[in-house]
Amino acid sequence: MVIDIDACKGCDLCIDACPADVLRMTVSEVNDRGYRYPRLLPGCIACKACSAICPDFVFQVYRYDEPRDETGGTGR
């Protein structure tokens, strides 16, 4: 998943929409526009609920055939 943090207006809709509960809104960090933004925790199931509810099109969700590690590799 890619999150465009600078496009986010901190509405929190994605946080409640996430069935995997892997999005957390920043507490003290803000984007260039002064808004808090979501951080992704491990465990995203690529359901696209965040993308569907986001009024600012902040999320790009990708589904891979194999789990990927933080560097983008397959972990093999």
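The values are calculated or read from the model by the stated rules, or taken from the named source; none is laboratory data. Note that the coordinates shown come from a computational prediction; the quantities given were computed from them, not determined experimentally. Don't worry about glycine lacking a Cβ; one is built from the backbone with ideal geometry, like all the others, and counts go over all protein chains shown.
What the table shows:
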| read-out | value |
| --- | --- |
| Flag if C14 is part of a loop (DSSP other than H, G, I, E, B) and within 9 Å of the chain's Cα centre (by Cα) | no |
| Members of segment 31-48 found to be closer than 14 Å to I3 by Cβ and of a type in the set (A, V, I, L, M, F, W, C), listed by number | L40, L41, C44, A46 |
| Count of residues meeting criterion [among the basic types (K, R), farther than 14 Å from C11 by Cα and in contact with a Leu (Cβ under 9 Å, 6 or more places away or on another chain)] in segment 25-65 | 0 |
| Selection within segment 17-41 - under 11 Å from the mean Cα position of the chain (by Cα), under 15 Å from V58 (Cα atoms), in a loop (DSSP other than H, G, I, E, B) and not hydroxyl-bearing (S, T, Y) | C18 |
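Each row is one residue, and each column tells you yes or no for (1) in contact with a helix residue (DSSP H, G or I) (Cβ under 8 Å, 6 or more places away or on another chain); (2) exposed (fewer than 15 other Cβ atoms within 10 Å of the Cβ); (3) modelled with pLDDT under 95.
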{"residue": "G10", "(1), (2), (3)": "no, no, no"}
{"residue": "C14", "(1), (2), (3)": "yes, no, no"}
{"residue": "P19", "(1), (2), (3)": "yes, yes, no"}
{"residue": "V22", "(1), (2), (3)": "no, no, no"}
{"residue": "M25", "(1), (2), (3)": "yes, no, no"}
{"residue": "N31", "(1), (2), (3)": "no, no, no"}
{"residue": "G34", "(1), (2), (3)": "no, yes, no"}
